Structure formats: structure tokens, C-alpha cells
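Below is one structure; the comments refer to it alone.
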Amino acid sequence: MKCKTGKLERFKLLFLVTFSAIFFHVALWCPVYFFWFSFLYLIPIFYGALTFQERVSFKAGFLWGFIFSALHLHSITVLIINECSGLLRFVFPFLLLCYYALHTGVWFWLANKTGEFLKNKKRAIAWIFWTWLLIIWMPSGFLWASGEYIGYPLTFPLLPLAQYPKLLFGLKFVCPELLVLCLICFSMGVTLFFTKKEKKYLFCAGLFLIPFLSGLLFKKKETEIPYFFKTFGYVQPPKVKENAPPLDVAQEIYYRINKLLKKHPEIRYIVMPELSCRFSLNNKLELIDLWTVNALHDNVALLIGACRTENKKTYNSFYFIKKGRVQEVHDKTRLMPFAEYVPTLYKNFNCCKNLFLSCNFGFYAGKQKKSFYFCNDFSCVNSICAEAILKKKDLAIRKSDNTFLLSIFNDSLFAFSLAHLILLWIKLEGFRQNKFSLFVGYSFAILITPNGDTLKFLTMSN
């Protein structure tokens, strides 16, 4: 009888764990309709932990992490298999899923063991603490195995709520970590209500919803768009082969710039995404002359992502070009492990070099993150792809209201779901810092107000 009961409890726990992992994936995959799953996905885990105490183990946590990461990283898995070479491309995705699941397994194990030490009445506190610690650590240090202390923020549970910024009203008063704690405590309050049938826990859960729901009581103020954004335009990079001649690429960019300026002569700043030119632009200054003579003029600047080579080192860079000269250049400081470089720990393994997705040589990291100062009236803090999503120390932002966040991406490699999560992270950061954000990708550019409203920029046809 005990054996049958044990098997039934184990089955119920595995069902709850699977249900929770799918819930969280759906919240991140389609936040437009399922953002509210962020408030619910922890409830099955907490219910299983408090109800089937003896069955909660590392294996249950590993299962949760493996199911969630398999769903969440499906597009990355397909990308690695299709774009990389060598047998490692079939093994690496599986190792990546196991790596994620290892952390969630440790989460379950620590929470359960701490709960046993604190005894039944305080078991809930143990689960709240370790869940909160895991969630806030993910964006800051999750990718430690790469050899750098960097994180992965695209599983942050506040991301789906950024789809409806009113739900993040509490960020105006508290840090994201405290808002996450409120979300976890809400889930635990609901769980305790179901397990103990006492209304006081439901009341406490309601209190932890106040930081999220209070924004619905206030009418959102209309944000005035600063004048200088009306002088920004966007040009899509040409769709060319990776080894296309630089002159062909430059001519296509010239045609698109020229077309944009004829249609919108008021434009003074043209933005283009990461790696719009895959060749080293600093070694092709004649192409800058081509743009200057035929399309750009003294009052129009070009901000474009391109490679830069110096001392036989290639950088993923962002150029500020005006009056036929490179005024400023920023080299990407935070590279994506294995996609843009091989971490030091793995350089002795030749198979790792085949994991480059977009180039055969890799990049070197820049030494210092920089700001671009366009004039005395406004400036931007710029980020190139991974610099915006891999957690790092924020660059000091000028107190001036006219400093905005500019992020350029090569989002053509990502599936829609991951690209959308990147956009939500940019929106969340802009909301947190109360700054305008300009997101520049391969198919569109979007201006995000501090309140989370989005405005589509001028685009060029393919």
C-alpha cells in the first residue's frame, strides 16, 4: 500500500513540475496573452514541495529545468545544429539543457534540505529564499561556466509583465529584486491557502499584488517625445551573402540612405544595426567617402554597426560617422561566449572553434564601454547586442534628461520569441532607469518611452 501511495505521490509531483515548467515557458513565449502566468508558474512547485515533502529532490528540479530549457532554447538548439559544423553541434545543445537543469536541481535540493532543517512551519520560508536567490542570480552570474561572471536575463519573470508596463508601477519605488520577491511571496501565499485552507494566507497574497496592480489605478501620463528623435531615421542593412564584396554592400547601403533622405529630408541621424557591414570599415575609408559624396552631407550623421580591425585584432564595433570622418567608435566589450569567441577555458579544444555562428575568426572584446555625445543637447549610452542583455555594471548615465539608451542587434539569428524577449528586456531597463530607449534590429527600429510605450521608426523597403 505504501509503495502504491509513494508512486502516486511521485507521479503527482512530476505532473506539477512539468505543468509549472510549461506555464513559465508560455508566459515568456507569448506575454501578450499569458503574461499573468508569471504570477502562477511557481504555485505548482510550492504546492508539490509543501504537500509531497519527502518526494521533492534534485531529480525533480532537474526535470523542471530540462523541460523548461528544452522549450525555451528550442530555437537556439535548431540554430546551432543548422549553422555550426562538427559533431559537437549535436552534443552542445544537450549539454546546454543539462547545464540549465543542473542549477534548478540544486535549487530544489537546497530549498528542500533547508526546509527540513527549519522544520515544517518554516519550510515555506526556505522555498521563498532559494527561489528568490536563483531568480536574481540568473541575470548576473548564470553563465559562470563560460569563464566570465555573466548572466542570462531572458528568463527573468518580470519580462512578460513589461508587455503591460502599468504592472511594473512598483519599479518607480523599489528595485527589480524586491518586486520579484513580491511575486514569489504572492505565489507562496496562494499555495499556503490551498494547503492550509486559511483565508489569512489569501489576504497576505493579495497584499503582495499591490505593487503590481496599483499602476492600474493611475492614468498614464503622456510622454513628450524629445525634439531630436524626430531627426532620427532607420535603414535596413542589405541582404547579401557573407562574403559579398564590400563595394557591393556599400553601394546598396548608399541607395537606401539616398532613398530615405529624399523621402524625409528632415533626418539628421541615420541608425543601422549590428554588423550591417561584416568587413572592417576602418580599412575601407573610401566607402565612407562614397556615402559622404553621394548621399550624406555635412548635416547628416550615420551610426552603423560594422567590424573594425586594429593590430590584427577584429572587433564588433559601432561607428559614428559625420562630415566624411569617423567621429567616434565603440568596440563591443561583452561578447557572446562560443558565438563570438572561444572562452579561455576551452581554447585548447579545437572542436569549440566550430561553434562560431556568424564568422570564422571570432572577435576581441573592447576595453571600455563608451557613450556617444552628438552635441551639447543630447547623448546616448550605446550597447551592441550582448552588452544589453548580459548583466554587467551599468555605465554612468548623465543626469541630463536628454541622455537615451541605444541598443543595436543582429536579431536576424534569433527566433521571434527570443527577439521579443530581448525587446522586453530593453523596455524593462529603460523603465527602470526612466530613460528613452532606441532598439535597432535587422527588420525594424523601435523607440521606447520611459513609460513603456513603443513607436515604430522610419523603415526602408527590402
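The values are calculated or read from the model by the stated rules, or taken from the named source; none is laboratory data. Not measured: the values here are computed from a predicted model. Here the Cβ positions follow ideal geometry from the backbone for every residue, glycine too, while neighbour counts run over all protein chains shown.
So the values come out like this:
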quantity	calculated
Residue list for segment 129-145, filter: crowded, with 19+ Cβ neighbours inside 10 Å and either over 19 Å from K59 (Cβ atoms) or at pLDDT below 95 (or both)	I135, M138, P139, F142, L143
Single condition L179 does not satisfy, out of (1) crowded, with 20+ Cβ neighbours inside 10 Å; (2) without any contact (Cβ under 8 Å) to a residue 40 or more places away in the chain; (3) outside any helix (DSSP H, G or I)	(3)
Residue in segment 257-272 that is closer than 25 Å to D331 by Cβ, modelled with pLDDT of 90 or more and assigned to a helix (DSSP H, G or I) present	yes
Any hit, segment 62-73, residues being surrounded by fewer than 20 Cβ atoms within 10 Å (Cβ to Cβ) and polar (S, T, N, Q)	no
Per-region count, segment 227-255, residues more than 26 Å from the chain's Cα centre (by Cα) and either outside the structural domain of L405 (by TED's automatic domain parsing) or part of a helix (DSSP H, G or I) (or both)	14
Selected residue (criterion: nearest to F203 (Cα to Cα)) from residues of segment 164-174 that are in contact (Cβ under 8 Å) with a residue 60 or more places away in the chain and of a type in the set (A, V, I, L, M, F, W, C)	L167
Where I210 falls short, out of the listed (1) under 25 Å from the mean Cα position of the chain (by Cα); (2) over 24 Å from L406 (Cα atoms); (3) modelled with pLDDT of 90 or more	(1)
First in segment 86-110 and on the phi > 0 side of the Ramachandran plot, second anywhere and part of a helix (DSSP H, G or I), Cβ under 7 Å, 6 or more apart	G86/C351; G86/N354
Enumerated helices (runs of 4 or more DSSP H) restricted to segment 32-111, each holding at least 2 residues that are within 26 Å of K122 (Cβ to Cβ)	42-51, 58-72
Residue selected from segment 310-333 under the condition buried (at least 16 other Cβ atoms within 10 Å of the Cβ) and without any contact (Cβ under 8 Å) to a residue 40 or more places away in the chain, by the criterion farthest from the chain's Cα centre (by Cα)	K322
Filtered residues of segment 117-163 (kept if in contact with a strand residue (DSSP E or B) (Cβ under 8 Å, 6 or more places away or on another chain) and either part of a helix (DSSP H, G or I) or not hydrophobic (A, V, I, L, M, F, W, C) (or both))	S146, G147, E148
Some residue of segment 212-220 being surrounded by 11 or more Cβ atoms within 10 Å (Cβ to Cβ) and in contact with a Ser or Thr (Cβ under 9 Å, 6 or more places away or on another chain)	no
Some residue of segment 149-162 being touching a Cys at 6+ places or on another chain (Cβ under 7 Å), among the hydrophobic types (A, V, I, L, M, F, W, C) and not assigned by TED's automatic domain parsing to the domain that holds A388	no
Qualifying residue in segment 144-163 (condition: in contact (Cβ under 8 Å) with a residue 12 or more places away in the chain and on the phi > 0 side of the Ramachandran plot)	yes
Residue match in segment 441-460 (condition: within 13 Å of the chain's Cα centre (by Cα), under 23 Å from S75 (Cβ atoms) and at pLDDT 85 or above)	no
Unique residue being in a helix (DSSP H, G or I), out of contact with any Phe, Trp or Tyr (no Cβ under 8 Å at 6 or more places or on another chain) and surrounded by 14 or more Cβ atoms within 10 Å (Cβ to Cβ) when the list is C204, C185	C204
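Yes/no per residue for (1) modelled with pLDDT of 85 or more; (2) in a strand (DSSP E or B); (3) in contact with a helix residue (DSSP H, G or I) (Cβ under 9 Å, 6 or more places away or on another chain):
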position: S383; (1), (2), (3): yes, yes, yes
position: K391; (1), (2), (3): no, no, yes
position: A396; (1), (2), (3): no, no, no
position: S400; (1), (2), (3): no, no, no
position: L406; (1), (2), (3): yes, yes, no
position: H420; (1), (2), (3): yes, no, yes
